[in-house]
Amino acid sequence: MNVENQQFIATGKWEGKALFSDWQTTSAGVAQVCDPSTGEVLATVGIGGASDIRRAAAEARKAQREWAKTLPTVRQAILNKAADLLEQNAEELIPWIMKESGSIQPKAGIEIEHGALFIRNSATLATQPTGIMIAGFDERTNYAKRVPHGVVGVISPFNFPLVLSVRAIASALALGNAVVHKPDPRTPISGGIIIARIFEEAGLPKGVLQIVPGGAEAGEALCSDPDIAMISFTGSAKGGSRVGELCGKHLKKVQLELGGKNALVVLEDADLDIAASNSAWGAFLHQGQICMATGLILAHESVAGALTERLVAKAAHLPCGDPSSGQVALGPIISDNQVETIQAIVDDAVARGADLLAGGTHDGRFYAATVLSGVKPGMRAFEEEIFGPVACIVSFGTDEEAVELANMSDYGLAAGVISKSTGRALALGEQLNVGQLHINDQTVNGGPFAPFGGRGKSGNGSRIGGPADIEEFTQWMWISVKDEATPYPF
């Protein structure tokens, strides 16, 4: 990548390195970061192994003790400064997000915008009341307060690398924790370096935030390290299961935000043009590589055909290509292996009787917007999270059948219901086993003010964001005070 005039990102500071208490080399060597559209090498970063995580965790634990003593207003000011820096340098940073993660420009811009919002919301946590007085049964004074865990390990994915990293990092820091962060090795700049640079320039003390990109070895080391008290993980259900297993073995708190097979229910009274627009956005945004992507479109049998026609027309007019080259709607799938997985799921659906009405083909990593109708239980397209631009249409006859179909999933992240009757939509939606429900909207929705998470294979019941952050990133300490010590019968 041409790094001329790249002033804030300061490639020379971190090329081939990771962030410990300072930018240093890693024992596990380096890895090239490549543009998934072109294969162009963007930069090299230090890759962490188990010994690098051990070192980072030990240094973070030392730094956390002083950070926890820092005045809440000071922590708040540092976070707000980091948000300022993210916004002020958006023009320079957006191309990095586009090239590294395959994002179109508007999606990359949303990452900057929402990233700053998450940081600012987290900054408010630093000055929130975190204690209560407790009734006693004798002369003692009793109170309880929320205290930081110590060191929080954050593991984040490739798809929204900036937002899905910074939402946990910022809240953990605001509440007095130190952080060791392992971004996905495919997106270590958007998911790590950018975050390191904004906090570095905002004045965060050295050692409080350590960023070490790495693979499975680094992730397992984070989950096992004695200096790390909590893991915040965003990723696949398979990866989350392994993280939960290791954290349970080592008695760590764990927050899991995993995948989804999210249903959008379209009732027969819906405006079909609007419903098709919602369906296309939910299924195709960022090539479907979103945990909240609309995985199933449940359409009432009286409108399923007309809705499908509209969706097919939209799919045909969504160009795929390199986001940096011009106006495209869909960028690349993150890897060749993922393209193979998407194709296998589409082929399975067709073999089992589904109708392929648009797409179903790819040019390298550019997978065309795809529409499958007649999808039924038993097909991989009905049951699995595809993580590709595939709209799967399922018809139903009654509201009860729609609820039954939606709740067949092992996942439970998000759902949407579109109807002109808000009351009917709510009545149906509140029967769905999901962590977030959107009435008259598609399934892709998120932000810093709401508790975000899911059920089943979508998570362990934990939440991130809004009122959930204090609960997740701190724990209770009960304190009782007597004016002076008194004897006991022994």
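Quick one: how many residues across region 227-243 are farther than 12 Å from GLY153 by Cβ and more than 17 Å from the chain's Cα centre (by Cα)?
Of the residues in that region, 1 qualify.
Where residues in region 344-366 are touching a residue at least 24 places away in the same chain (Cβ under 8 Å) and assigned to a helix (DSSP H, G or I), which of them is surrounded by the fewest Cβ atoms within 10 Å (Cβ to Cβ)?
Among them, the one singled out is ALA344.
Step by step: first the residues of region 462-481, then only those that are out of contact with any strand residue (DSSP E or B) (no Cβ under 7 Å at 6 or more places or on another chain) and either modelled with pLDDT under 95 or of a type in the set (A, V, I, L, M, F, W, C) (or both), then the one that is nearest to ASN177 (Cα to Cα). Which residue is that?
If we filter region 462-481 for residues that are out of contact with any strand residue (DSSP E or B) (no Cβ under 7 Å at 6 or more places or on another chain), which is where we start, we get 466-469, 471.
Next, only the ones that are either modelled with pLDDT under 95 or of a type in the set (A, V, I, L, M, F, W, C) (or both) stay: 466-468.
Numbers: GLY466: 18, PRO467: 17, ALA468: 16 Å.
Among those residues, the one meeting the criterion is ALA468.
From the list ALA68, ALA90, ALA58, ALA116, which one is modelled with pLDDT of 95 or more and in contact with a strand residue (DSSP E or B) (Cβ under 8 Å, 6 or more places away or on another chain)?
Details: ALA90 fails: in contact with a strand residue (DSSP E or B) (Cβ under 8 Å, 6 or more places away or on another chain); ALA58 fails: in contact with a strand residue (DSSP E or B) (Cβ under 8 Å, 6 or more places away or on another chain); ALA116 fails: in contact with a strand residue (DSSP E or B) (Cβ under 8 Å, 6 or more places away or on another chain).
After ruling out the rest, the residue left standing is ALA68.
Of the conditions (1) touching a residue at least 40 places away in the same chain (Cβ under 8 Å); (2) buried (at least 24 other Cβ atoms within 10 Å of the Cβ), LYS145 clears all except one; give me its number.
Every listed condition holds for LYS145 apart from (2).
Can we say ALA90 is without any contact (Cβ under 8 Å) to a residue 24 or more places away in the chain, of a type in the set (A, V, I, L, M, F, W, C) and either in the same structural domain as ALA216 (by TED's automatic domain parsing) or more than 30 Å from CYS320 (Cβ to Cβ) (or both)?
On the way: without any contact (Cβ under 8 Å) to a residue 24 or more places away in the chain: yes; of a type in the set (A, V, I, L, M, F, W, C): yes; either in the same structural domain as ALA216 (by TED's automatic domain parsing) or more than 30 Å from CYS320 (Cβ to Cβ) (or both): yes.
Taking the combined requirement at face value, the residue satisfies it.
For region 15-40, which residues satisfy the criterion of being outside any loop (DSSP other than H, G, I, E, B) and within 26 Å of the chain's Cα centre (by Cα)? Walk me through how you get there before you give the answer.
We begin by selecting, within region 15-40, every residue outside any loop (DSSP other than H, G, I, E, B); these are 18-19, 23-24, 30-34.
ALA18, LEU19, TRP23, VAL30, ALA31, GLN32, VAL33, CYS34 - these are the residues of region 15-40 that are outside any loop (DSSP other than H, G, I, E, B) and within 26 Å of the chain's Cα centre (by Cα).
Considering region 457-490 alone, what residues qualify as being assigned to a loop (DSSP other than H, G, I, E, B) and more than 28 Å from ARG120 (Cβ to Cβ)?
Within region 457-490, the subset assigned to a loop (DSSP other than H, G, I, E, B) is 457-458, 460-463, 465-467, 482-490.
Residues satisfying the conditions are LYS457, LYS482, ASP483, GLU484, ALA485, THR486, PRO487, TYR488, PRO489, PHE490.
Look through GLU385, GLU301 and report the one residue that is crowded, with 22+ Cβ neighbours inside 10 Å and touching a residue at least 24 places away in the same chain (Cβ under 8 Å).
Details: GLU301 fails: crowded, with 22+ Cβ neighbours inside 10 Å.
One residue alone meets the criteria, GLU385.
Hey, can you tell me all the residues within region 127-148 that are among the β-branched types (Val, Ile, Thr) and either in a strand (DSSP E or B) or in contact with a Cys (Cβ under 8 Å, 6 or more places away or on another chain) (or both)?
First, pick out the residues of region 127-148 that are among the β-branched types (Val, Ile, Thr): 127, 130, 132, 134, 141, 147.
Selection gives ILE132, ILE134, THR141, VAL147.
Go through region 445-456 and give me each residue that's outside any strand (DSSP E or B) and either buried (at least 22 other Cβ atoms within 10 Å of the Cβ) or in the same structural domain as CYS291 (by TED's automatic domain parsing) (or both). Full working, then the answer.
Let us first name the residues in region 445-456 that are outside any strand (DSSP E or B), namely 445-451, 453-454.
PRO448, GLY453, GLY454 - these are the residues of region 445-456 that are outside any strand (DSSP E or B) and either buried (at least 22 other Cβ atoms within 10 Å of the Cβ) or in the same structural domain as CYS291 (by TED's automatic domain parsing) (or both).
Table: residues versus (1) assigned to a loop (DSSP other than H, G, I, E, B); (2) crowded, with 19+ Cβ neighbours inside 10 Å; (3) hydrophobic (A, V, I, L, M, F, W, C).
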position: VAL403; (1), (2), (3): no, yes, yes
position: SER409; (1), (2), (3): yes, yes, no
position: VAL417; (1), (2), (3): no, yes, yes
position: LYS420; (1), (2), (3): yes, no, no
position: ARG424; (1), (2), (3): no, no, no
position: ALA427; (1), (2), (3): no, no, yes
position: GLN431; (1), (2), (3): yes, no, no
position: VAL434; (1), (2), (3): yes, yes, yes
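Name the residue, out of LEU311, LEU251, LEU298, that is assigned to a strand (DSSP E or B) and either modelled with pLDDT of 95 or more or within 14 Å of LEU357 (Cβ to Cβ) (or both).
On the way: LEU311 fails: assigned to a strand (DSSP E or B); LEU251 fails: assigned to a strand (DSSP E or B).
The match here is LEU298.
Take the residues of region 181-218 that are within 16 Å of the chain's Cα centre (by Cα) and surrounded by fewer than 24 Cβ atoms within 10 Å (Cβ to Cβ): which is nearest to PHE160 (Cα to Cα)?
ARG186
Would you mention how many residues in region 441-475 are among the acidic types (Asp, Glu) and closer than 20 Å to ILE297 by Cβ?
Residues of region 441-475 that are among the acidic types (Asp, Glu), as a first pass: 441, 469, 471-472.
Remaining after also requiring closer than 20 Å to ILE297 by Cβ: 441.
Of the residues in that region, 1 qualify.
The values are calculated or read from the model by the stated rules, or taken from the named source; none is laboratory data. All values reported here derive from a predicted model rather than from experimental measurement. Please note: Cβ atoms are built from the backbone with ideal geometry, for glycine as well, and neighbour counts cover all protein chains shown.
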